[in-house]
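Worksheet: the structure to be examined is printed underneath.
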Amino acid sequence: GAAWGLLRPAAGTGRAPAARAALAGGAVLCWTAALFFWHPRPFASWEEGPQERVLYYEESGTDTVKVLQSTTNPDGLRITANGITVGQSFGAIDAKQQVLAHLPFLIAGDAPPRRVLSVGLSSGALIGEVARHPGVQTVDCVEGSSSMIEAARQFDRFHDRVLDKPSVS
């Protein structure tokens, strides 16, 4: 419809359709070039620092997931969901995940669990630690975000590629 309005000469103006076609063609060319060559940087959350680079970024209808890497420490990864840090490869959050993973085994004593259910994946640190226990036969993890599952693969070296283990689903 808009192209027809540009190409159709207006009554009484005497403007040539070729000039309008050139204008429309130029606009289409600029728009196409912008689609192919313009790659904006992912939106930075308020807690991102200048010493971090984005390793993974995915927006969906339910969440925005990022994995950030420290430029001063290549092993310093953290994963955010909607701008909130939900896991990392260092510090307090990682230590909390490890404690939560081993706590049920300490409480169980002589009868440790063989089947484990975890709700939420984040970096995969918790299920990675659970899967290391010798008596565990299966680990089921419920995660509602496919972006989070893909982002957790950035942490493979920290959780021993737990997402590829046959006992983990």
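The values are calculated or read from the model by the stated rules, or taken from the named source; none is laboratory data. Since the model is a prediction, treat every value here as computed from it, not as a measurement. Methodologically, a virtual Cβ is constructed for each residue, glycine included, from the backbone with ideal geometry; neighbour enumeration extends over all protein chains shown. We work out accessible area using only protein heavy atoms, side chains counted, and drop any ligands, DNA or RNA first. Shrake-Rupley method; radii C 1.70, N 1.55, O 1.52, S 1.80 Å.
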message: Please pick out the residue among GLU150, GLU129 that is within 22 Å of ASP63 (Cα to Cα) and either out of contact with any His (no Cβ under 6 Å at 6 or more places or on another chain) or open to solvent by 50 Å² or more (accessible area, probe 1.4 Å) (or both).
response: GLU150
- request: Would you point out the residue of region 80-93, among those that are crowded, with 19+ Cβ neighbours inside 10 Å and of a type in the set (Ser, Thr, Tyr), that is farthest from the chain's Cα centre (by Cα)?
  value: SER89
query: Name the residues in region 57-74 that are touching a Ser or Thr at 6+ places or on another chain (Cβ under 6 Å) and hydroxyl-bearing (Ser, Thr, Tyr), would you?
result: SER60
task: Test ARG115 against the criterion of being among the basic types (Lys, Arg) and farther than 23 Å from ALA81 by Cα, and give yes or no.
output: yes
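In the set LYS66, LYS96, which member is surrounded by 12 or more Cβ atoms within 10 Å (Cβ to Cβ) and touching a residue at least 60 places away in the same chain (Cβ under 8 Å)? Lay out the reasoning, then the answer.
Numbers: LYS96 fails: touching a residue at least 60 places away in the same chain (Cβ under 8 Å).
Step by step, each of LYS66, LYS96 is checked, and only LYS66 is surrounded by 12 or more Cβ atoms within 10 Å (Cβ to Cβ) and touching a residue at least 60 places away in the same chain (Cβ under 8 Å).
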- request: Scan region 102-123 and give yes if some residue there is out of contact with any helix residue (DSSP H, G or I) (no Cβ under 6 Å at 6 or more places or on another chain), closer than 24 Å to ARG53 by Cα and of a type outside the set (Gly, Ala, Ser), otherwise no.
  value: no
- request: Just give me the residues in region 133-169 being assigned to a loop (DSSP other than H, G, I, E, B) and of a type in the set (Val, Ile, Thr), in sequence order.
  value: VAL136
message: Exactly one of these conditions fails for ARG114: (1) more than 30 Å from GLY61 (Cα to Cα); (2) touching a residue at least 60 places away in the same chain (Cβ under 8 Å). Give me its number.
response: (2)
